[in-house]
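Chemist: Here it is, the structure in full.
The values are calculated or read from the model by the stated rules, or taken from the named source; none is laboratory data. Predicted, not measured: the structure shown is a model, and the values here were computed from it. Because the Cβ atoms are built from the backbone with ideal geometry, glycine has one as well, and the counts that use them run over all protein chains shown.
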Amino acid sequence: MIVSKKWFLFFLYICCFNAVLFAQEHKRKNDVDGKLWTGLYFKHKFNKRWSIGVKTEGRFKLVEFDRMLLELRGTYNPKFHDFVKPLSLTIGCRYFFENDEDGIELDDNYVRLFAALNYKVEIKRFMVEGRVLYQNRAGLDTKKKIVKNDWAQDIRCRIKLAYNFKKWKLDPELWCEIFIHDEIGALDGFTKYRLGAGTKYKFNKQHALRLKYIFEQEVKYYFPDTSHIIALSYIYTSASKKKSKRKPSNKVR
């Protein structure tokens, strides 16, 4: 009986010791990052249907540079029927300058093409927006000036909620987004999600500031990466002047 108790205590000690080691290893490998994204966004509206946008953004991990991007996009709103008025189609391209793992700045570059379908509905002061975005990334070798055999694609599904308060410029936004990933030599399927909250302050029709907090979490059993992101961007919006229609002259000559 005493021998059995000794073996039981020894087995319990081994299990506890292994659990402590696993917890320490999990804590060591589970990467939790604090990130800062700062951006400038220019948008021009040609009319109620067509608009283009140019965006540049710097992304940082705490005190070190992570990546920089340059984006060009175009948006089309059909508006030919009440059902499709909330619908918009966006296509664009992003060019990334990224810090490589070996520490050489701006050495790992790639291009991302994307297309998004948005549907936005306003119910009194509430706004609900759904978006499905497809993106395809191709890596670039900056030394050999060729496209590397490095590609990845994602389908991103997002739902956003917003509320417009009376006489209040900081209207809140909440959203959730999931990523369905496909890449050579990587895990496929539902790989991560984002939860976000933000607001936008409009100084006037042209100038605005947007502030967002994003919680990003990988979906995997062992050592998922977690990111807490603060994003601040300045937005400038311009519009083409409407051509005034000349009224026919009633003068009799």
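Chemist: Yes or no: Lys55 at pLDDT 50 or above, part of a loop (DSSP other than H, G, I, E, B) and not polar (S, T, N, Q)?
Modeler: Details: at pLDDT 50 or above: yes; part of a loop (DSSP other than H, G, I, E, B): no; not polar (S, T, N, Q): yes.
Taking the combined requirement at face value, the residue does not satisfy it.
Chemist: Specify the residue that is nearest to Gly34 (Cα to Cα); the eligible residues are those in region 55-83 that are of a type in the set (A, V, I, L, M, F, W, C), surrounded by fewer than 15 Cβ atoms within 10 Å (Cβ to Cβ) and in contact with a strand residue (DSSP E or B) (Cβ under 9 Å, 6 or more places away or on another chain). Don't jump to the end; show me each part of the working.
Modeler: First, the residues of region 55-83 that are of a type in the set (A, V, I, L, M, F, W, C): 60, 62-63, 65, 68-70, 72, 80, 83.
Restricting the remaining residues to those that are surrounded by fewer than 15 Cβ atoms within 10 Å (Cβ to Cβ) gives 62-63, 65, 70, 72, 80, 83.
Going one step further and asking which of them are in contact with a strand residue (DSSP E or B) (Cβ under 9 Å, 6 or more places away or on another chain), we end up with 62, 65, 70, 72.
On the way: Leu62: 6, Phe65: 12, Leu70: 22, Leu72: 27 Å.
That would be Leu62.
Chemist: Given the structure, is Phe190 surrounded by fewer than 17 Cβ atoms within 10 Å (Cβ to Cβ) and out of contact with any Cys (no Cβ under 8 Å at 6 or more places or on another chain)? Before the answer, list the steps.
Modeler: Details: surrounded by fewer than 17 Cβ atoms within 10 Å (Cβ to Cβ): yes; out of contact with any Cys (no Cβ under 8 Å at 6 or more places or on another chain): yes.
For Phe190, the condition - surrounded by fewer than 17 Cβ atoms within 10 Å (Cβ to Cβ) and out of contact with any Cys (no Cβ under 8 Å at 6 or more places or on another chain) - is met.
Chemist: I've got another one for you. Contact list please: Cβ distance under 8 Å, first residue in region 211-238 and β-branched (Val, Ile, Thr), second residue not in a strand (DSSP E or B), pairs at least six apart or on different chains.
Modeler: Filtered contacts from region 211-238: Thr226/Asn30; Thr226/Asp31; Thr237/Lys205; Thr237/Gln206.
Chemist: With the checklist (1) modelled with pLDDT of 90 or more; (2) out of contact with any Cys (no Cβ under 9 Å at 6 or more places or on another chain); (3) assigned to a strand (DSSP E or B) in hand, flag the one item Asn204 doesn't pass.
Modeler: For Asn204, the failing item is (3).
Chemist: For region 20-27, state whether one or more residues are modelled with pLDDT under 50, loosely packed, with under 10 Cβ neighbours inside 10 Å, under 23 Å from Ser227 (Cβ atoms) and under 36 Å from the mean Cα position of the chain (by Cα).
Modeler: Looking for residues that are modelled with pLDDT under 50, loosely packed, with under 10 Cβ neighbours inside 10 Å, under 23 Å from Ser227 (Cβ atoms) and under 36 Å from the mean Cα position of the chain (by Cα), one finds none in region 20-27, hence no.
Chemist: Starting from region 190-206, take each residue that is over 16 Å from Ser233 (Cα atoms) and list its partners that are among the aliphatic types (A, V, I, L, M) and assigned to a strand (DSSP E or B), counting only C-beta distances under 7 angstrom and pairs at least six apart or across chains.
Modeler: That search, which allows pairs on different chains as well, returns Phe190/Ile178; Phe190/Ile180; Tyr193/Ile178; Arg194/Ile214.
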